[in-house]
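Worksheet: one structure, shown below.
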Amino acid sequence: MSYENYDSSNSSWSDGPTQKLTWKPGDTYPTTTQMLNAVRQDITIVNPPGEQHPYLLGAPSIAAASVPAGVEQDKKIGEVIDWLDQNALGPGTHYVVVSYVSAADVKTLQSVPLPKNAPTFPSDYDGPTPPTVFDQSIVNTYLQLPDNLDPRIAQLARQQTAAYSTMYDKVVALESYLRNNETYNTNISLPPGEEGVSWFLFRSHQGFCNYFATAMTVMARSLGIPARVVAGYTNGTLDPKTHQHIIRGTDAHAWVQVYFAGYGWINFEPSASFNTFSRPLPSTTGNTGINGTTSSSNAGSLITPSGRGRTQAGSEGSQTSGSQSSLTPAQEQAQVRQKIGITTGSIILLLLFGVLLFMLWWRRLFRRYSLSMQLYGRICMLASWAGIQLQPSQTPYEYIRGIPISDTQDSLVLEKLGDIYVRDIWADPESAEHPRHSGEISELPSLWRQLQPHLFLYVLRHPSFLRVIPQHISSSFGKMRQRRRERKLMREEF
């Protein structure tokens, strides 16, 4: 649940007028946010939380649910505040949610400017607004602050962020300051008449998550950075037997989200003793900037330390000083075109031959195993090529759910393939739940045809295997040199 308005008179948060939308099971909530992964979570209620409303639990931000839901929005700007189950959450209630989880890496977030420095559009502009432009209504809503705040709060925020130029780095500086300079303590109470943020930062220096989150949000807003407090639960504790996370009422928590144009609300953890949110590694295919283009470090020429440009095409030894050609310019151009054509044709033929060999190998891969084992093996291989390695301690369910496919439907298909594989291998062959009795085995070919192209596309976007190839080549050459040295020593001995 998110909050937008801070009341300094009682140090509390609230939301403005809201409206509730009825949401059907399985329908996906629309978004224009870039770089998202879809994450599925299976939720079972053991003891209902003591909440006034039946909030649906799930990683922020929820995209779809398997039960009828109500989506509560800010009436003015349409921002989602929370998701509610339309029925009471009683013991044994089970549902599935799929959440949008940001895949934006640090370098991408550093490319987003402060709202005051971001591009704007004229008031009479009626065209489509690019998703990488700040929504001014969101900025205005989440920059609101009371007029009577202690001026030392904004002064401290400026001092701690003065050395940083990007919005992301300023936010991280605030997060680090609070984590390193304030103490987490749940056994405190705000003295009567005190404003919470000022008391926490300048007198108490102790507080629980609400104090940390409120202080960071207010400090960020004082710098012109749109931020909000969100409340929910931590991941709880992992049960090693069931491999499920157990979340209790004592896991209730509050943290901070900051609005980045194009990439939505990004989580930050200012509370000391809690782990910070991790960011994905930068994509190996380039970094997406605020304008949505892909940048690369190879820009056509290399600049030497002396400052002189050296083109990438050709080498210094390919030219002879003072040499002249007996060909006319037209003949030289024709010769160049012929060489280019031959080279291009050869490359295309090699690529086609390589693709043909790969297809033959891929179709014969794991052919000695059952169909479900073949498909699971191929999923594991494709995921490993994208850098997602299977760990010895992981179950098939855990590994499948760790593959970050952004499309909600593909995520559900992947889950179903993994479930059929598990039951095919470990379920009682005579039981009704075995996929050969339920008929689900016959669904595998169509499910795989639907999923396979998207998995290959994910590998092309995250070609982790390219980093391994040089290592294998280097290792092979090393082994060859070692064998030569051993043969040489044997000849010398004889």
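Ranked by the mean number of other Cβ atoms within 10 Å of their residues, highest first, the peptides 438-451, 27-40 come out as 27-40, 438-451. The distance linking region 377-454 with region 255-275 is 32 Å (Cα centroid to Cα centroid, whole angstrom).
Packing here is the average count of other Cβ atoms within 10 Å per residue, and on that basis the peptides 342-353, 269-280, 214-225, highest first, run 214-225, 269-280, 342-353. Given their separation in residues at 0.36 nm each and the Cα-Cα distance between them, L352 and H53 gain 101.7 nm when the chain is fully extended.
Of K20/K170; K107/K241; K75/K116; K24/K76, which sit over 31 Å apart, Cα to Cα? Write down the numbers at each step before the final one.
Numbers: K20/K170 35 Å; K107/K241 38 Å; K75/K116 25 Å; K24/K76 23 Å.
Where the Cα-Cα span goes over 31 Å, the pairs concerned are K20/K170; K107/K241.
Would you give the gap between the C-alpha center of region 12-27 and the C-alpha center of region 89-129, rounded to a whole Å? So the two Cα centres are separated by 17 Å. Computed from backbone phi, the HN-Hα couplings of region 154-160 come to 5, 5, 5, 4, 5, 4, 6 Hz, rounded to whole numbers (Karplus: 6.51 cos²θ - 1.76 cosθ + 1.60, θ = phi - 60°; Gly and Pro given as x). Estimate the FRET efficiency between L460 and Q155 by the formula 1/(1 + (r/R0)^6), using the beta-carbon distance for r and 60 Å for R0, to the nearest 0.05. Efficiency, rounded to the nearest 0.05: 0.75.
Read the figures in this text as sums done on the coordinates, not as results from a lab. Model, not experiment: these values are computed from the prediction. Every residue, glycine as well, gets a Cβ built from its backbone with ideal geometry; the counts of neighbours run over all protein chains shown.
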